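*Asks:* Take a look at this one; I'll ask things after.
No value in this document is a laboratory result; all are computed from the given coordinates. Values in this document were obtained by computation on a predicted structure and should not be read as measured data. Cβ placement follows ideal geometry from the backbone for every residue including glycine, while neighbour counts extend to all protein chains displayed.
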Amino acid sequence: MSSTTSPTTPNPGTEIPYTIPLPDGTPKGHTTHTESTTTIFLPKAGAFLNPVQHYNRDMSVAVIRAWNEMRKEELESKFRKKLAKNGGLSKKQAKRNKLAGVTEELGPAGVDAEVQMKEEQPVAGPSTERKFQAPSINILEALAATGLRSIRYAKEIPNVKYVLANDLSPSACEAMRRNVAFNGVGEDSLPPRKPWQPTVREEGTAIPAENGEAEEVKVEEKTEEASAVEEKKEITEDGLEVKDKVGRRPGCKGRVKINEGDACAFMYSHRSPVGPSSRVDVVDLDPYGTAAPFIDAAIGSISDGGLLAITCTDLAVLAGQQYPEKCYSNYGGVNVHAEYTHEAALRLVLHSLASCAARYGRYITPLLSFSIDFYVRLFVRINTGPEQVKRVSSNTGVVYTCHFCETSVIQPFGRIVERETAKGVVRESFKTHAGPTAKNGSSCEECGGTMHLGGPLWLGPIQDPEFAKRVMKDISSQEKEYKTFPRMLGMLSLAAQELPDPFFFTANRVAKCLHMSSMPLNKILSALLNAGYKISRSHAQAGAVKTDAPRSFIFDIMREEAKTTPIRIDKISEGSPARKLISKPMTHTIDFTPHPDASLERTGKETFYQVNPLPNWGPAPRAKSIQVAVPLPEKRKVEEVEVGQSDSKRSKVEEVGNGYENDVILPQTQEDVIAGKDEEEMMNL
Ligand SMILES: [Zn+2]
């Protein structure tokens with residue numbers, strides 16, 4: 001299977017791998033587009049897939065696969081614990097034995113009992129060791145358009161039973177039905193079975209794990225053969241996994257169910273924890289513009305421990321200084337105007353998710369949060385837990401940002417006070433914070449500049465480094481499966497090392513505040529490390545440094561540098577904040593001795609910060625592509641504010657030197673820059 005894009009294969013249906021020829025052949029006026037395991041039909045007239053979204057889909061497949069593995073491990077661990085508690089028996093058997101009064105004969109309950117049982121097995125005859133099999137999962141894609149993403153999920157994520165692909169538009173659903181049938185993953189399709197494979201049992205496999213209860217985990221005494229089939233992953237000469245006839249990766253048996261209707265209504269219909277349309281395990285929200293109108297429905301329809309993958313492409317609203325009123329109405333917080341505005345954008349979306357979840361006694365755990373190209377993409381776990389919900393106010397707050405030097409002062413809404421009782425039990429109580437935080441009235445402590453209010457936004461961690469490493473490990477072992485691998489690896493390694501502290505600075509911006517020329521980054525990093533502070537990059541901007549040091553320390557670094565390279569203070573006007581910054585007495589001792597760890601260079605083949613490879617890189621102009629391509633559902637016609645502006649701004653930011661000498665910004669691979677360079681209309685899938 002070639003993973004290259006082939007938009008104009010002459011005779012589709014007979015030559016395209018992993019597809020099932022349709023009775024009527026290729027629909028009139030359509031061409032095909034192949035991405036990884038999947039080929040879909042696209043209207044010839046003016047539509048092509050936005051290459052940016054290929055990366056988004058690759059990353060989504062990888063993240064859901066890693067989350068699925070993590071979830072399996074968690075469930076298995078609970079299952080083993082429970083099993084050990086019941087003396088190596090299932091809950092039912094343990095109850096039966098208890099009634100029969102035989103529990104005592106098996107010895108004390110606990111781990112020893114399990115070991116004892118295993119030891120006794122050879123004598124007892126056929127193996128009775130209980131093997132764990134995680135329940136299959138369901139994924140819901142609320143705005144599925146052509147179904148490309150849903151089909152890829154069905155073919156590339158193991159353990160999926162159904163991908164529920166919803167769209168409001170009848171013609172989009174029609175296109176989807178065709179694409180699903182062409183890819184052999186329709187409701188009536190089952191993966192072809194090898195003769196010696198046991199019958200696939202569909203019933204009772206999709207019970208969602210609610211509240212993480214292990215008793216819902218299906219236990220199956222599998223034969224040795226069956227286990228071997230699941231584990232077996234053959235690799236072809238070109239390093240790709242051996243797939244089945246329709247391109248399913250090993251362990252994948254997913255099918256796509258199409259629903260034509262309102263996205264929110266469909267998600268709300270899945271909000272019950274039990275029943276035939278119970279909650280789903282993963283919800284993918286990838287609308288055009290903001291995802292705000294879908295958040296409430298999405299959070300309600302995800303099972304405990306489940307995953308929400310959410311995209312917002314309205315960065316002009318979320319980032320920058322324009323449209324604070326729009327940002328507040330969509331996300332419940334005001335955007336932050338500073339160089340760290342893209343990180344603030346992620347925190348605004350997280351705040352919106354956390355506050356929405358809290359209303360239902362649920363809480364979020366961010367796994368990965370990315371600000372990419374012209375959009376944000378976040379992967380967040382959803383759980384139920386009143387104790388965790390109490391922490392939301394302490395993880396939420398406003399931020400004051402100096403308009404001149406961009407010093408930020410963070411004001412959380414709540415604080416947690418721990419108190420030990422006489423019996424040695426630690427009890428937590430939840431209090432409000434004293435204010436106002438912006439000391440000195442409303443002006444900046446560093447430079448006297450005016451402080452602007454931003455937020456409320458999420459103040460907790462935005463990345464889970466362990467999870468990022470898990471995804472990296474997974475994709476590194478299957479590099480050939482992901483065409484955008486270098487960029488995925490780059491983004492994940494940045495997420496894995498990113499400090500949880502909000503916001504960052506860049507050497508250029510800080511130097512500019514003091515009318516100085518930029519100083520070598522290694523020198524700044526050494527000073528921070530020598531003082532015992534932590535440093536990391538930020539994925540959100542090239543050249544950015546995250547640190548737990550206060551802003552006053554960073555300005556002291558500059559003031560120390562100014563001792564050897566004096567600033568022309570006479571060129572700075574009286575009363576300027578720059579003058580105040582320069583003349584402020586130092587409060588820290590700065591040590592520029594080169595530190596061995598003062599480097600944030602690339603180590604492998606990862607691509608860290610990618611420049612826009614196309615002149616028209618960015619979200620498609622929607623209106624035109626709707627007329628010529630597959631119509632997008634009305635639900636997506638959420639008000640959009642000049643996304644192009646954010647895009648051009650973003651490009652500007654990326655043109656600025658990144659400060660990392662060894663950063664090689666790789667161009668997008670040739671295949672990604674697919675035929676359509678001259679196309680003005682792009683279809684955003
Ligand atoms: Zn300031």
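*Asks:* With viscosity set to 0.692 mPa s at 37 °C, what whole-number translational diffusion coefficient in µm²/s follows for region 498-600 from Stokes-Einstein and a Kirkwood radius over Cα pairs? Can you show the working numbers first?
*Replies:* Details: Rh = 14.1 Å.
Answer from the Stokes-Einstein relation: 233 µm²/s.
*Asks:* Oh, and also: Out of residues 5 or more away from residue 44 or on other chains, whose amide H comes under 5 Å of its own, with H placed 1.01 Å from N in the peptide plane?
*Replies:* 30, 31
*Asks:* ³J(HN,Hα) across region 541-557 via Karplus (A = 6.51, B = -1.76, C = 1.60, θ = phi - 60°), whole Hz, x for Gly/Pro?
*Replies:* 7, 5, x, 7, 10, 9, 8, 9, 6, x, 4, 4, 5, 5, 5, 5, 4
*Asks:* Residue 305's amide H: which non-local residues (gap 5+, or another chain) put their own amide H closer than 5 Å, with H modeled 1.01 Å from N in plane and none for Pro or chain starts?
*Replies:* Under 5 Å from the amide H of residue 305: 382, 383, 384.
*Asks:* For the peptides 318-324, 176-182, what is the packing order when you average, over each peptide's residues, the other Cβ atoms within 10 Å and list the highest mean first? Walk me through the numbers on the way to the answer.
*Replies:* Working: 318-324: 21.1, 176-182: 23.1.
Per-residue Cβ counts within 10 Å, averaged per peptide and sorted highest first, yield 176-182, 318-324.
*Asks:* If one computes the Cα centroid of region 560-591 and of region 423-480, what distance in Å separates the two points?
*Replies:* One Cα centre to the other: 30 Å.
*Asks:* If the limit is 25 Å between Cα atoms, which of 81/161; 469/546; 245/483; 155/483; 85/131; 44/253 go over it? Provide the component values of the computation, followed by the final result.
*Replies:* Working: 81/161 27 Å; 469/546 19 Å; 245/483 21 Å; 155/483 16 Å; 85/131 16 Å; 44/253 31 Å.
Correct reply: 81/161; 44/253.
*Asks:* Further, regarding this structure: From largest to smallest, what semi-axes in whole angstrom does region 377-526 give when each is the square root of 5 times an eigenvalue of its alpha carbon gyration tensor?
*Replies:* Details: eigenvalues 203, 180, 38 Å².
Semi-axes from the Cα gyration tensor: 32, 30, 14 Å.
*Asks:* Rounded to the nearest 20 debye, what is the charge dipole size of region 498-600 about its Cα centre when +1 sits on each Lys and Arg Cβ and -1 on each Asp and Glu Cβ? Don't jump to the answer; show the numbers that get you there.
*Replies:* Numbers: 14 positive and 10 negative charges, 74 e Å.
Roughly 360 debye, rounded to the nearest 20.
*Asks:* Taking the alpha-carbon centroid of each part, what is the distance from region 296-316 to region 151-189 in angstrom?
*Replies:* 20
*Asks:* Here's another thing I want to ask about it. Given the options 484, 454, 468, identify the residue whose Cα lies farthest towards the positive end of the charge dipole of region 434-489 (+1 on Cβ of Lys, Arg; -1 on Cβ of Asp, Glu).
*Replies:* My answer, from the dipole projection, is 484.
*Asks:* ³J(HN,Hα) across region 310-318 via Karplus (A = 6.51, B = -1.76, C = 1.60, θ = phi - 60°), whole Hz, x for Gly/Pro?
*Replies:* With the stated coefficients, region 310-318 comes to 9, 10, 10, 9, 8, 5, 4, 8, 6 Hz.
*Asks:* Let me ask something additional. Can you work out the Karplus-derived ³J(HN,Hα) for every residue in region 504-515? Use 6.51 cos²θ - 1.76 cosθ + 1.60 with θ = phi - 60°, whole Hz, and x for glycine or proline.
*Replies:* With the stated coefficients, region 504-515 comes to 8, 9, 10, 4, 4, 5, 5, 5, 4, 4, 9, 6 Hz.
*Asks:* Another question, then. Can you run the Rg to Rh ratio on region 16-86? Use alpha carbon positions and the Kirkwood inverse-distance Rh. Mind showing how you got there, number by number?
*Replies:* On the way: Rg = 20.4 Å, Rh = 15.9 Å.
With Rh from the inverse mean 1/r over Cα pairs, Rg/Rh is 1.28.
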